[in-house]
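A short write-up of the structure that comes next.
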Amino acid sequence: MAGNYQNPFIVIDTIKTAHCRDVYQWARPYIKDFTAAVDVGCRQGQFAMNLEEDFKKIYCFDFRDKTKEFKQHVKDIKKFEYTVVGIGDSERTTYTNSTRVGRIKERGKVVVPIRTLDSFNIADVGFIKYDVEGFETKAVMGSMETIKKSWPVIVVEQNRGNLDAVDLLKSIGYQCLGAYQPRNMDFLLIKQ
């Protein structure tokens, strides 16, 4: 029986990787500029690895240092810039309870440095993915200059019925093309 054991973390990682591939393939036909992509909440690189073949440079952000695991998912690490920071609406320090889950709770004992995406001055952005477990609206707010410079295709995860980030993007002229099935949490937005 020992030969039949499957490590549940490997199974979950495989499912997450397949989901990320499918979501990117859904968004890809709408992308016009393949110069730079941004992955906010990049974890170990399951989503970012899908961008590697298409984009010249991929900027990845996560407040948890997952660089060791990240390097295992990508082929050419030189195409990536991985920054250990949370992306939010202002430059500040906040807190959370744990680095196991990527949720910034604004309370707890784990220090989380926050910067705006705009502070990185990334040009020619063709695609942005936000998946930061409830911090998406703040991340989008801190990305407005970057978004308005390039009008990238955006995928934003929205949990627990909260569509604030989608609504914020719609208020600046984005059209929501729907939510990816079957989870209905990843929303695809393009500039109208």
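The values are calculated or read from the model by the stated rules, or taken from the named source; none is laboratory data. Keep in mind it's a predicted model, so treat the numbers as computed, not measured. Because the Cβ atoms are built from the backbone with ideal geometry, glycine has one as well, and the counts that use them run over all protein chains shown.
Miscellaneous remarks
- Every pair of residues 6+ apart whose Cβ atoms lie under 8 Å, when the first sits in segment 14-25 and is farther than 13 Å from PHE127 by Cβ while the second is surrounded by fewer than 12 Cβ atoms within 10 Å (Cβ to Cβ): HIS19/ARG183
- Residue check, VAL140 part of a loop (DSSP other than H, G, I, E, B), buried (at least 18 other Cβ atoms within 10 Å of the Cβ) and within 14 Å of the chain's Cα centre (by Cα): no
- Qualifying residue in segment 117-125 (condition: within 23 Å of TYR30 (Cα to Cα), assigned to a helix (DSSP H, G or I) and hydroxyl-bearing (Ser, Thr, Tyr)): no
- Matching residues, segment 143-165, being assigned to a helix (DSSP H, G or I) and over 17 Å from ASP89 (Cα atoms): LYS149, SER150
- Some residue of segment 22-44 being surrounded by 15 or more Cβ atoms within 10 Å (Cβ to Cβ), modelled with pLDDT under 95, in a helix (DSSP H, G or I) and polar (S, T, N, Q): no
- Residues of segment 45-73 satisfying the condition of being assigned to a loop (DSSP other than H, G, I, E, B), over 11 Å from the mean Cα position of the chain (by Cα) and either among the polar types (S, T, N, Q) or over 25 Å from VAL111 (Cα atoms) (or both): GLU52, GLU53, ASP54, PHE55, LYS56
- When LYS129 is tested against the conditions (1) of a type in the set (D, E, K, R); (2) modelled with pLDDT of 95 or more; (3) in a loop (DSSP other than H, G, I, E, B), the lone failure is (3).
- Pairs linking a residue in segment 171-192 that is within 16 Å of LYS129 (Cα to Cα) to a residue that is in a loop (DSSP other than H, G, I, E, B) and of a type in the set (A, V, I, L, M), with Cβ atoms under 8 Å and 6 or more positions apart or on different chains, are ALA179/MET185; PHE187/LEU163.
- Taking the listed residues VAL155, VAL112, the one that is crowded, with 18+ Cβ neighbours inside 10 Å, in contact with a Lys or Arg (Cβ under 7 Å, 6 or more places away or on another chain) and not basic (Lys, Arg) is VAL155, with no other qualifying.
- The residue pairs whose first member lies in segment 81-94 and is part of a strand (DSSP E or B), whose second member is among the hydroxyl-bearing types (Ser, Thr, Tyr), and whose beta carbons are closer than 6 Å, counting only pairs six or more residues apart or on different chains, are GLU81/TYR59; TYR82/THR67.
- Residues of segment 174-189 that are surrounded by fewer than 18 Cβ atoms within 10 Å (Cβ to Cβ) and assigned to a strand (DSSP E or B): GLN175, CYS176, LEU177, GLY178, ALA179.
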